[in-house]
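What follows is one structure encoded as structure tokens, with my remarks underneath.
The values are calculated or read from the model by the stated rules, or taken from the named source; none is laboratory data. Source: prediction; values computed, not measured. Ideal geometry is used to build each Cβ from the backbone, glycine not excepted, and the neighbour counts take in all protein chains shown. Protein only, heavy atoms only, side chains kept; ligands, DNA and RNA dropped before computing areas. Shrake-Rupley method; radii C 1.70, N 1.55, O 1.52, S 1.80 Å.
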Amino acid sequence: MTTIERKIQLLQDLISGALPGTADHGTYLQALADWYEAKFEHTDDTTDLEKSIEWRQIALVSTPSDVLTCIRLNELALDLRRAYRRNHNISYLEESTSLSRHVLKLPEPLNHTFGLQLLRQGLVDRFLLHRHEKDLDEAVLLFQMPVDDKCRIPPNKLRDACYWVATARRFSHPSVSTAYETAMSCMQISLIFSPTLHTQYAHLLAVKEANKIPLEYASYQVQTGRMEEAIQTLERGRALLWSEMRGLRTSIDHLSSAHPALATKLTIINQDIETLMTSIPPGSTRDIDEDGAPGEAGIVAFGNFLKDQRALLNEREALTSQIQGLPGFENFLKMPSFDMLRTAASRGPVIKMNHCSLRSDIILVLHDSPPSLIPTAEDFYHRANELVDRLSDTRKKHVLESMQYNRALRYVLEELYELVGRPVIDKLHELNIPEQSRIWWCPTSVFCSLPLHAMGPIPSKDKVKRYFSDVYISSYTPTLSALIKSREPSVQTSDPLSLLIIAPPDTSLVGTEVIRRTLGSSIDIGVLDATPKITTGSLRHHPLAYFTCHGILEEGKPFDASFILHGGKRLTLLDIVRSRLPTAEFAFLSACHTAELTDGSIADEALHLTAAMQHCGFRSVVGTMWAMADTDGRDLAEHFYKSMFFGGDQRIPYYERSAEALRDAVQKLRREKRVSMERWVNFVHDCGMIPPPFL
């Protein structure tokens, strides 16, 4: 006899000796039902589940109603539903649904959530059985109820909205678009009411379904022929954390000239909110008792922290509404129209990549004609997942310069060309976009970690190996709005153009000397070996920056990604985020991992050092997808700065010349140094200044 069987026998003996109607009798009945359920979990024998149902029913009628009645009803309803799933006995489904309705009428609201969940599931099961639209309509209404509940906290509302979306999309319910719009709003609200960047990110990680919502919504809009709306949705759903932060640095020049008092007030509020958001909330890592629990002082401090944040947010919301009510400011901080977004493609097409399990799409955004949809293979989604997994797994098992990693990378680039490169090039040719034109990639999901710029080789008659970067000059951008923002007129200063080189003494100074020799007297060059605070302060006076130091990633801690500076001090991603660099133009990050995501992070949030540099003001940044060889930074820098400063059209701003300069430098690195594939593929060009969120 097993332990479970002995427990069941013991409880049956206790029930026989207990007086019906007493508290002990009810407790034994409930316990016996629980043990039969445990036995079912162990044996997977439906007879045990039916025994559990039988004893729960007896316990329910034998025990007076009390505060536990709601829990007992939920447990019985759950067992009935599980039994229906096993033997398709309709009476089980009907009884389960009836019990769940009864739960919602009881006065214990804390148990209503589970009852509501069971009722929704029961109604969906009944719809699948009978195909009565009224069951699906009621289920959808019950999905919507908790989302509309003003007392429910934002993260839970977001989770409920995701359930609503999944059901509505699965059955093509008329509420699909409403469900998606609600979920998108819940994502934004959930972030707004999280006190810091760390907690905002934690909330996004906790509700994993939410990260797919913008991609799924866009796929639905493409499916229903609303391409322009799909592009706007992808715009809203990308880089939410960066957008939230950027919203606190909203350009208010127009507002300042028309309503200076309002502009000043908004600036002060935004600065106060940003200070809170980039801090560590009191009570989270300090004010801890010896047993590891937050101390009383910590709890009080954190409560005050939240109170201050809520007050500032409410004040900002009221002020924003007031500004939007003024003539000429109706669209202040609102989602740009598609016609505005398409201007991002004024200097070359932008390629939106939507990687979604329900439907994946490649969309070309053009400035003077409608978006162009590129058909994708049926297995597009899964093949892309396999490619990023292969690259990541090989990188964990073998060093970058190993034969195994280069073989894996070669396979990935070849497959990427067939999956993405070939159809994109065919479409560009069809649209008469000449080769050597500028194009921008705007990837989502796993494509944020795949080297689209280096796909190939591309078949050619002369048998010369060419890759995508040899045919079109590629950059990456987080959003169309970011690209538009990066092209706004820069802050005019009387200072001469200058380049700041950040080079700690424990790194090779050869690269610094190469840059000095290459540029000569054409530009003021400063070399800095200093603490993080001095470094960020010095960057304010130099529009161009070159980092030649070690880059570090912390697994599972994207905000701790950092550069190693003077004395081993770290300039972290969060330090960079706190900086304000109004005259910044271009940064070359000659360090490891600067455009690489930490394992387990949310791809579409782009939490890496390159994005942090863009957030604080740099319009274009060269970064690295993984670790790099020190000599590559030196060799690349020589060719890069020679091309950027002395090649091409000198009337074009340096930050706009940087993409072609990187392409030229990488080509020379490939041909002259004969470096392995992973070394030249590593370098990427990013454009864009993250815009504020859209309200």
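Measuring from centroid to centroid over Cα atoms, what is the spacing of segment 427-496 and segment 312-363 in Å? Taking the Cα centre of segment 312-363 as reference, the centre of segment 427-496 is 22 Å away.
Dividing the alpha-carbon radius of gyration of segment 301-350 by the rule-of-thumb value 2.2 N^0.38 Å gives 1.80.
Taking 0.36 nm per residue of sequence separation and removing the Cα-Cα distance, the Gln322/Ala206 pair yields an extension gain of 38.3 nm. Between Asp524 and Asn331, the C-beta separation translates, for a Förster distance of 25 Å, into a calculated FRET efficiency of about 0.05.
Just the number, please: Stokes-Einstein D of segment 426-473 in µm²/s, Kirkwood Rh from C-alpha pairs, 4 °C, 1.567 mPa s.
Numbers: Rh = 12.0 Å.
Roughly 108 µm²/s, to the nearest whole number.
A simple spin-label model places the labels of Ser357 and Lys396 2.0 nm from each other, with each point 7 Å out along Cα-to-Cβ. Length available on full extension from Ala629 to Thr531: 0.36 nm per residue minus the Cα-Cα distance, which gives 32.8 nm. Of the solvent-accessible surface of the chain, computed with a 1.4 Å probe over protein heavy atoms with every protein chain present, carbon and sulfur atoms account for 53 percent. Relative to its Kirkwood radius, the Cα radius of gyration of segment 1-108 gives an Rg/Rh of 0.98. Its Cα centre serving as origin, the chain has a Cβ charge dipole (Lys and Arg +1, Asp and Glu -1) of approximately 1780 debye. Ignoring lysines fewer than eight residues from Lys533 along the same chain, the ones with Cα atoms less than 24 angstrom from its Cα are Lys557, Lys569.
Between Leu11, Leu197, Tyr641, the Cα set farthest toward the positive side of the dipole of the chain (charges on each charged residue's Cβ, about the Cα centre) is that of Tyr641. Take the Cα of Lys265, step 7 Å toward its Cβ, do the same at Ser185, and the gap between the two points is 2.6 nm.
Excluding same-chain neighbours fewer than eight residues apart, the lysines reachable from Lys668 by a Cα-Cα span under 18 Å are Lys465, Lys642.
Measuring between alpha carbons in the structure, the pairs from Lys265/Lys352; Lys105/Lys307; Lys397/Lys673 lying more than 30 angstrom apart are Lys265/Lys352; Lys105/Lys307. Rg then Dmax, both in Å and based on the Cα atoms of segment 343-385: 12.0, 34. For the pair Asp308 and Leu497, a Förster radius of 41 Å applied to the C-beta separation gives a FRET efficiency near 0.50, rounded to the nearest 0.05.
Evaluate the charge dipole of segment 68-192 about its Cα centre and quote only its size in Debye, nearest 20, assuming +1 on the Cβ of each Lys and Arg and -1 on the Cβ of each Asp and Glu. Display every interim value, and only then the final one.
Values: 17 positive and 14 negative charges, 50 e Å.
Using Cβ point charges on Lys, Arg, Asp and Glu, segment 68-192 gives about 240 debye.
Once both labels are positioned 7 Å from their Cα atoms along Cα-to-Cβ, the gap between Leu10 and Phe646 label points is 8.8 nm.
Report the full-extension gain for the segment Arg671 to Leu141: residue separation times 0.36 nm, less the Cα-Cα distance, to one decimal in nm. Present the calculation step by step, with values, prior to reporting the outcome.
Numbers: separation 530, 0.36 × 530 = 190.80 nm, distance 6.33 nm.
That works out to 184.5 nm of additional length.
Placing R0 at 60 angstrom, the Cβ-Cβ distance between Thr113 and Arg407 gives a FRET efficiency of 0.70 after rounding to 0.05. At q = 0.05 Å⁻¹ the log10 of I(q)/I(0) for the chain amounts to -0.31, computed by Debye summation with a single uniform scatterer per C-alpha, solvent ignored. In the context of the full set of protein chains, residues of the chain present 44 Å² of accessible surface per residue (probe radius 1.4 Å, heavy atoms only). Helices in the chain, meaning DSSP H runs of at least 4 residues, each add -39500 (n - 2.57). Divided by all residues, the mean residue ellipticity at 222 nm is -17000 deg cm²/dmol.
Relative to the longest principal Cα axis of the chain, at what angle does helix 23-43 sit, 0 to 90 degrees, rounded to 10? The two axes meet at around 50 degrees. Across segment 570-695, Cα-Cα pairs more than 27 Å apart make up 20 percent of the total.
Taking the longest Cα principal axis of the chain as reference, the axis of helix 654-673 is set at about 80 degrees. Rounded to the nearest 10 degrees, the inclination of helix 176-192 to the longest alpha-carbon principal axis of the chain is 70 degrees.
Sorting 331-343, 229-241 by average packing, meaning the other beta carbons within 10 Å per residue, from highest down gives 229-241, 331-343.
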